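Participant: Let me give you the structure first, and then I'll get to my questions.
The values are calculated or read from the model by the stated rules, or taken from the named source; none is laboratory data. What you are looking at is a predicted structure, and each value in this text was computed from that prediction instead of being measured. Positions of Cβ are backbone-derived with ideal geometry, glycine not excepted, and every protein chain shown enters the neighbour counts.
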Amino acid sequence: MTAFDPSSLVGRRLDGLFAAWWVTDGQEPQGPIDVWLVGEQGVPAHLTTAADWRLVAEEAQPYGDYDMGGLGRVEVLPTAEGTPFARHVGQVVEAVHQDWDPDHGLTGLAIEFPGGTVHVDGWDGDLRLRD
């Protein structure tokens, strides 16, 4: 895992996305807990939240599925479906705007595509993706 400057996404095409979902029996996942933006070059951009609720942006390969016992399991799927990134697959990132807090660092991103913007941030310790 290597930290990276999210502005390096500018000019890269979004070829796909991996997303990690926390799955419990009988309930639909509420949203991904991690996402990996896959482009035509290099290691995927991994976006997640840290223990202090800041946003983490790093270069890293997706991890594998794992079981959390009675709490459910985490499944990593190679799809953008179920995320706001789905409609931007195949588009090139036009701009990235970063939100910073002087005490915590990166707190949010606005990733602009020709077809719209995806906002990425943490909310109550969870990764939040929205149009």
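Participant: Which one is surrounded by the most Cβ atoms within 10 Å (Cβ to Cβ) among residues in region 78-117 that are in contact with a His (Cβ under 9 Å, 6 or more places away or on another chain) and part of a strand (DSSP E or B)? Can you show your working first?
Facilitator: Here is the first cut: in region 78-117, the ones in contact with a His (Cβ under 9 Å, 6 or more places away or on another chain) are 80, 84, 108-117.
Narrowing the set further to residues that are part of a strand (DSSP E or B) leaves 108-113, 116-117.
Working: 108: 17, 109: 21, 110: 15, 111: 25, 112: 17, 113: 19, 116: 12, 117: 17.
For region 78-117, the residue satisfying everything is 111.
Participant: Restrict the check to region 70-89 and report whether at least one residue is more than 19 Å from residue 34 (Cα to Cα), among the β-branched types (Val, Ile, Thr) and modelled with pLDDT of 95 or more.
Facilitator: No.
Participant: Could you identify the single residue in 110, 57, 51 that is small (Gly, Ala, Ser) and touching a Pro at 6+ places or on another chain (Cβ under 7 Å)? Break it down stepwise before answering.
Facilitator: Values: 110 fails: touching a Pro at 6+ places or on another chain (Cβ under 7 Å); 51 fails: touching a Pro at 6+ places or on another chain (Cβ under 7 Å).
Unique residue meeting the criteria: 57.
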